[in-house]
Amino acid sequence: MTINRVWINGLSGRMGLEIQTLIASSERWELVGGTSIGELVDRESGVTEGDWKRLPECLNRTDVLIDFSAPAGNADLLKFFQESSVKEKAVLIGTTGLTADQRQAWKRLAEERRLRLLLAPNTSLGVLLTLKVSQQLAGVLNKLDFDIEVVESHHRAKIDAPSGTAKFLAEGVARTVDKQTIYGRTGKRQPHEVGMASVRGGSVFGEHEIRFLGDNEELVVSHRALSRTLFAQGALLLAGWVMTRNPGPYGLEDVSLEDMLKLLENKGA
């Protein structure tokens, strides 16, 4: 059995801890170590340091890097790659709230350094299925003049709004029907819009609805996360997927339904 060796950026964060828990109980994955802002933890050598100077050497011992940090932590990781000579690595970025410039910088880096890079604003395979189903519905219902809106709910401490997942879903559906996404509408709805709205409160892990609103009926495709474990499970599955790709940047839309079935059959191996 092949054992995949993982490095986590955002090691001490909520998602970093969830992924560590899954790796500890898995026969297919092994944690080499991880980084947080201003700290490097090399689990194999038992060394913890206050900088990232040893990161190139550590990454040489890993198969895939998973980034679940924050925009600032992701910016540090991007700067590290830009200033180092590390290349030809598999990288999964699950951090949300990145700017368009940050995403574009990662894509350029993937081309220059032959990285196998997956930008994944949500690592739930259920969310990916939600998009695939919604795109099919949009192709039909748009011809019947249905309006399309995306509503998302998250816990009160979430930093970014709209969520990265809401953007992913709205933009994916909008492409299908040649419309534009809008957030923070203040006036009358326009026919070319796919709107996004955010709800914040309590301890909600994440809820997303794609609502198709007609004059006489409404269809809703929804996804509700019940724990962070599902995102950690999906992260390992998608890490297994990106490790098998050719060098270059990828998005979740590049993961086909056939790919998803293979991932579930092989558990990301």
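The values are calculated or read from the model by the stated rules, or taken from the named source; none is laboratory data. Remember, it's a predicted structure, so these values are computed and weren't measured experimentally. Positions of Cβ are backbone-derived with ideal geometry, glycine not excepted, and every protein chain shown enters the neighbour counts.
What the table below lists for this structure:
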quantity	calculated
Unmet criterion (only one of (1) more than 15 Å from the chain's Cα centre (by Cα); (2) part of a helix (DSSP H, G or I); (3) not assigned by TED's automatic domain parsing to the domain that holds residue 9) for residue 131	(1)
Those residues of the range 138-147 which are closer than 20 Å to residue 182 by Cα and part of a helix (DSSP H, G or I), in sequence order	138, 139, 141, 142
Candidates 168, 205, filtered to the one that is buried (at least 20 other Cβ atoms within 10 Å of the Cβ) and either of a type in the set (Asp, Glu) or not assigned by TED's automatic domain parsing to the domain that holds residue 71 (or both)	168
Of the criteria (1) in contact (Cβ under 8 Å) with a residue 60 or more places away in the chain; (2) outside the structural domain of residue 211 (by TED's automatic domain parsing), which one residue 103 fails	(1)
Answer from 16, 10, 33 - the residue that is of a type in the set (Gly, Ala, Ser) and in contact with a Cys (Cβ under 9 Å, 6 or more places away or on another chain)	33
Search result, residues across the range 36-52 that are touching a residue at least 12 places away in the same chain (Cβ under 8 Å) and loosely packed, with under 12 Cβ neighbours inside 10 Å	38, 50, 51
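Conditions (1) assigned to a helix (DSSP H, G or I); (2) surrounded by fewer than 18 Cβ atoms within 10 Å (Cβ to Cβ), marked per residue:
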position: 234; (1), (2): yes, no
position: 238; (1), (2): yes, no
position: 241; (1), (2): yes, no
position: 245; (1), (2): no, yes
position: 250; (1), (2): no, no
position: 253; (1), (2): yes, yes
position: 258; (1), (2): yes, yes
position: 261; (1), (2): yes, yes
